[in-house]
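Trainee: Encoded as C-alpha cells, here's the structure I'll be asking about.
The values are calculated or read from the model by the stated rules, or taken from the named source; none is laboratory data. In this text, all values refer to a predicted model and were calculated from it rather than measured experimentally. In this analysis, Cβ positions are derived from the backbone assuming ideal geometry, glycine residues included, and neighbour counts consider all displayed protein chains. What goes into the accessible areas is simple: the full protein's heavy atoms, side chains included, and nothing from ligands, DNA or RNA. Shrake-Rupley method; radii C 1.70, N 1.55, O 1.52, S 1.80 Å.
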Amino acid sequence: MIIIFSCKHIDFGDRARGCIDIEICGFDEVFKSFSEKNPSAIEAEHDTGKVRDKYIEILEAVGINRELLRAKKKVTDIHGKTVKSGAYIFPKQSVDFCAAVIQKYTSRDYKKLRGADFEEMAIDEVVFLVRGFYIMLCNLGYSQEIVQEQYNAMERRMGYKLRLASVEFERQLDAIHELAKEYEHSYIGFTYYDKIYFLRYMAFKAEATRRFIESVYGSYTDIRSAELSDMALEDSYKESPQTSIERINKEMIFFDALEHDDEYQKLLRQQETIIAEDTFIKKKQARFRKIQVRLAEIREKHQMELFGELLDEEEDVPLKVRHPMDVLKEAVKDAECWIKDHAERDEAEAAKTPEDMEREKAEMESLRQLLEERGVNLNFDLPNTDEQEEEIFVQSGNLAWEVKGTIQLPCCCKKGQITAYKGIKGKCAMKCPGCGYYVLVDYDEMAAKPLQLHGPVRRIEKRRMNSRRQK
C-alpha cells in the first residue's frame with residue numbers, strides 16, 4: 001500500500017493578515033453537520049462546547065499545530081457571519097471531514113488515538129486522519145513548506161509511514177505464502193516430484209533473500225553507528241573530561257535525590273494518571289499544569305540545596321545525518337560485494353579436486369616444518385589453563401575472589417547482568433555490556449536502575465537510542 005498526498009498550492013497573500021479569499025466556515029457549520037449525522041436519542045440539542053472539546057482533543061492527539069487552524073483576525077464566513085479572531089475556521093471542503101472525525105470520537109480506534117496508542121489503531125483510520133488534515137491545511141492556503149512540516153509532525157507522531165511499510169511487507173509475505181499453497185495444490189502440468197523440487201527452490205530463494213536482508217541490515221547499522229559515534233566524539237571535544245565527570249556526578253546525585261523525594265514521586269504518579277484519563281483535555285489541563293509547576297519547583301529546590309546553582313539544560317538540536325536512502329544504497333552495495341566474495345570463495349572451494357586438497361595439505365605441512373626448524377612453537381593444541389591460573393591467583397591472596405551475587409541490569413536487551421564480589425561497595429554508573437544502556441549500579445543494595453542523563457551525555461545517548469530505533 002503506497003499513499004501519496006498532493007495538493008496544489010493556493011497562493012493567498014492575505015492569509016497571514018486574516019483576509020482569506022477562500023470559502024471559510026465557522027465551527028457552527030461543523031456542529032450542524034455533526035448533529036445531522038448524530039441526532040440526540042432524546043431529541044435534545046447537542047452541547048456545542050462539548051463537541052468542540054472533542055475536536056480540540058483530537059487535534060492534540062494528532063499532533064497538528066492548532067494555531068494554524070484558527071483565524072488570525074476577525075473574518076466573515078460563507079454565510080456572512082462573523083468569525084472572531086482566534087476561533088477555529090474550516091474550509092468548506094473539510095467541514096464533513098471534521099464532523100466525521102468528531103463522530104468517531106468514542107470509537108475503538110479514536111480511544112486508542114486519544115491514549116496515544118497509535119500502533120493499535122487501524123491503519124485506514126490513520127490514513128484518514130493524516131490525509132484529511134493535510135488537505136485541510138492546503139485548502140486554508142498555507143504554503144507547501146508549512147503543510148509538509150505539519151504532515152511530517154503528524155506522520156512522525158503516529159508512525160504513519162512505518163505502519164504503511166510494515167503493512168506492505170506483510171502483504172508481500174502473505175502473497176508469497178499464497179503462491180506456495182497454490183503451487184502445492186496445482187495439478188496442471190505439475191507432477192508430485194515437480195512440486196517437491198519447485199517448493200524447495202522457493203524455500204532456497206526465500207533463505208537467500210533473508211540472508212541478503214540480514215547482511216544489508218548489518219552494514220546499514222554499522223554505517224549509521226559509525227556516523228553517530230563520530231558526531232558524539234566531536235561533541236565530546238567541546239567539553240573537557242573533568243567537566244564531563246563533574247556533570248555526570250552531579251546528575252547522578254540530583255536524580256538520586258529526586259527518586260527519594262516522596263512528594264516528587266507522588267506527583268509523577270498523579271501526572272501519569274491524568275494523562276491516562278479518558279476525559280476531555282479541557283478538564284485536566286489545569287491539574288496537569290499545576291503538577292508540572294510543582295515538579296519544576298522541587299527540581300530547582302534540590303539543585304540549589306545540593307549545588308548552590310541550577311544545572312544547565314542544553315537545548316536538543318535535531319541531528320543532521322545522512323539521508324536514509326543514501327545509507328541504504330551504500331549498505332546494499334556492501335552486502336552485494338560481501339555475498340559476491342563469499343560466493344566466489346564457495347565456488348572455488350567446491351571446484352577443488354582431491355588432488356588440490358592433498359597438495360594444499362602438503363604445502364601446509366611443509367610450512368609447519370620450516371617454522372619449527374626456525375624455533376617457532378606451533379603447538380596449537382595447548383590445554384585450557386584458565387581454571388589453574390584462577391586457582392593460583394586466588395591462592396596468592398591478591399583478591400578474595402568470593403562472589404557476593406549477581407545484579408540484573410534493567411535495560412532493553414534483558415540479558416545484561418554483572419557479577420559483584422565481596423568487598424565492593426558504593427554506586428557506579430556504567431553501560432550494559434550487551435546493549436550499551438546507561439544504568440546506575442548500587443553494590444550496597446545489590447540492585448541497578450536506569451540512569452537519567454542530561455547535557456552532552458544525554459544528547460549522545462539520545463542519538464544512540466534513536467539509531468537503535470531506526471534499525
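Trainee: When ranked by the protection proxy of mean other Cβ atoms within 10 Å per residue, highest first, what sequence do the peptides 355-365, 243-253 form?
Mentor: Result, highest mean Cβ count within 10 Å first: 243-253, 355-365.
Trainee: Also, I was wondering about something else. Bin width 10 Å, origin at 0, all Cα-Cα pairs of segment 197-280: what percent of pairs per bin?
Mentor: 13, 16, 16, 22, 19, 10, 4
Trainee: From the C-alpha coordinates alone, can you work out the Kirkwood hydrodynamic radius of segment 105-170, in Å?
Mentor: Radius from the Kirkwood sum: 12.6 Å.
Trainee: What is the list of residues in segment 149-171 whose amide nitrogen lies under 18 Å from a point 7 angstrom out from the Cα of ALA100, following Cα to Cβ?
Mentor: Answer for this model: none.
Trainee: Can you work out the accessible area per residue across segment 43-180, with the rest of the protein chains kept in place, probe 1.4 Å, in square angstrom?
Mentor: In whole numbers, segment 43-180 has 52 Å² accessible per residue.
Trainee: Starting from the alpha-carbon convex hull of segment 54-172, give the projected area averaged over all orientations, in nm².
Mentor: In nm², the orientation-averaged hull projection of segment 54-172 is 7.8.
Trainee: Could you work out the relative contact order of segment 115-173, using alpha carbon pairs under 8 angstrom and six or more residues apart, expressed as a whole percent?
Mentor: 44 percent
Trainee: Please enumerate, by chain and number, the lysines with C-alpha under 27 Å from the C-alpha of LYS404, excluding those fewer than 8 residues away in the same chain.
Mentor: Straight-line reach from LYS404, under 27 Å: LYS414, LYS415, LYS422, LYS425, LYS427, LYS431, LYS449.
Trainee: Lys and Arg at +1, Asp and Glu at -1: add these up for the other residues within a Cβ distance under 9 Å of LYS449 and post the number.
Mentor: For residues surrounding LYS449, the net value is -2.
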